[in-house]
Amino acid sequence: MRLDKFLSVTAVATRKETAKAVRSGTVTVNGIVAKKTDMPVDPEKDTVTYGGKPVVYKQYRYVLLNKPDGYVSATEDGKDPTVLELLPPLYTDLGLFPCGRLDKHTLGLMLLTNNGELSHRLLSPRRHVAKRYAFRVKFPLSDADCACFRDGVTLEDGYETKPAEIELNQDKKSGTVTLIEGKYHQIKRMMEALHNQITYLERVTFGPLTLPADLARGEWRELTAAQEQALLDAAK
């Protein structure tokens with residue numbers, strides 16, 4: 001791997017910034033000052049420093065994002081802004097993509113990663129990775145409505161959903177729903193099948209991950225090592 005590519009995929013510096021740093025002599029490889037941006041680097045063996053600080057290479061990256069309203073869960077879109085546009089330019093070379101999707105107007109926890117195999121396993125129906133959503137609906141929900149959620153709801157196309165956990169607040173118009181599958185617009189369609197309408201939807205958990213209370217809309221952070229391991233365990 002070229003040195004400039006290495007610093008790019010580690011989100012340390014753009015290629016332009018790498019060229020400038022090399023010219024100023026602030027990049028080293030195995031203790032030797034780098035002279036060229038195309039200098040070969042073995043990510044598994046070589047020690048690289050940038051501005052005096054060691055650069056840690058990670059093959060896979062995991063970003064937890066608090067998705068705001070109006071952004072689509074895609075890497076690119078010709079009409080609407082994408083969730084990747086909320087990340088700084090340094091992250092554009094990491095190959096990140098959304099693990100699953102949230103609708104344009106659904107808020108909350110979104111995982112971005114470049115680990116395709118893990119993403120596939122987390123989304124596989126066989127693994128039943130739970131996702132909890134906070135919701136609000138137009139009309140109060142009855143005990144019978146909640147029983148339908150817990151037994152499985154028949155959607156307009158005839159598909160019967162898997163049982164979902166539902167907890168209501170005192171107003172009977174808000175609460176949480178936990179799914180173990182992820183069909184298109186699923187909660188919205190489940191509510192519509194019960195002649196109701198979603199007015200607010202936010203994902204608050206995804207498997208072992210919980211949306212941090214101190215993470216504002218549109219903000220993000222990389223997962224800790226413990227969170228990464230919890231994801232790997234959930235995908236086994």
Legend entry - Listed residues Asn115, Met190, Val55: farthest to the positive end of the dipole of the chain (Cβ charges): Val55
Inset, instruction - Would you pull out the residues with amide H under 5 Å of Thr82's amide H, same chain only if 5 or more places away, H placed 1.01 Å from N? - result: Val72
Inset, instruction - Would you mind getting the Kirkwood hydrodynamic radius of the stretch 3-54 from its Cα pairs, rounded to one decimal in Å? - result: 10.5
Inset, instruction - Note the full-extension length gain between Lys104 and Glu219 as 0.36 nm times their separation in residues minus their Cα-Cα distance, in nm to one decimal. - result: 39.7 nm
Inset, instruction - Considering Cα pairs under 8 angstrom that are at least six residues apart, work out the relative contact order of the chain and quote it in whole percent. - result: 20
Inset, instruction - Give the order of Arg203, Arg15, Arg150 when sorted by the count of other beta carbons within 10 angstrom, beginning with the fewest. - result: Arg150, Arg15, Arg203
Inset, instruction - Please work out the C-alpha center-to-center distance from the stretch 115-173 to the stretch 1-75 and express it in whole Å. - result: 41
Inset, instruction - Using a/c under 1.5 as the rounded threshold, could you call the stretch 130-206 rounded, prolate or oblate? The axes a ≥ b ≥ c are square roots of the C-alpha gyration tensor eigenvalues, and prolate needs a/b larger than b/c, oblate otherwise. - result: rounded
Inset, instruction - Anything over 21 Å Cα to Cα? Flag those among Lys20/Lys58; Lys58/Lys79; Lys138/Lys188, in the order listed. - result: Lys20/Lys58; Lys58/Lys79
Inset, instruction - Name the residues whose placed amide hydrogens come within less than 5 Å of the amide hydrogen of Glu219, ignoring near sequence neighbours (fewer than 5 apart) on the same chain. - result: Asn66
Legend entry - 5 angstrom amide H check on Gly175, placed H, neighbours 5+ away: Phe135, Asn169
Inset, instruction - Read through the labelled values (1) 71, 35, 32; (2) 62, 43, 34; (3) 50, 42, 30 and report the label of the one computed as Cα extents along the principal axes in Å from the structure. - result: (1)
Inset, instruction - Determine the calculated [θ] at 222 nm for the chain from helices alone, applying -39500 (n - 2.57) to every DSSP H run no shorter than 4 residues and normalising by the residue count; nearest 500 deg cm²/dmol. - result: -6000 deg cm²/dmol
Legend entry - Residue-wise HN-Hα coupling along the stretch 63-80, computed from phi with Karplus coefficients 6.51, -1.76, 1.60 (Hz; x: Gly, Pro): 10, 9, 10, 9, 5, x, 5, x, 9, 9, 8, 8, 7, 7, 7, x, 10, 10
Inset, instruction - Could you run the Karplus curve 6.51 cos²θ - 1.76 cosθ + 1.60 with θ = phi - 60° over the stretch 157-165 and give me ³J(HN,Hα) per residue in whole Hz, x for Gly and Pro? - result: 8, x, 5, 9, 5, 6, x, 10, 7
Inset, instruction - Can you tell me the dipole magnitude for the chain around its Cα centre, using point charges on the Cβ only (Lys, Arg +1; Asp, Glu -1), in Debye to the nearest 20? - result: 680
Inset, instruction - Apply the Karplus parameterisation 6.51 cos²θ - 1.76 cosθ + 1.60, with θ equal to phi minus 60°, to every residue of the stretch 85-90 and state each ³J(HN,Hα) to the nearest whole Hz, in sequence, with x for glycine and proline. - result: 6, 7, 8, x, x, 4
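Values in this text are rule-based calculations from the coordinates and carry no lab data. Just so you know, these numbers come straight off a predicted model, no measurement behind them. Glycine gets a Cβ as well: all are built from the backbone with ideal geometry, and neighbour counts include every protein chain shown.
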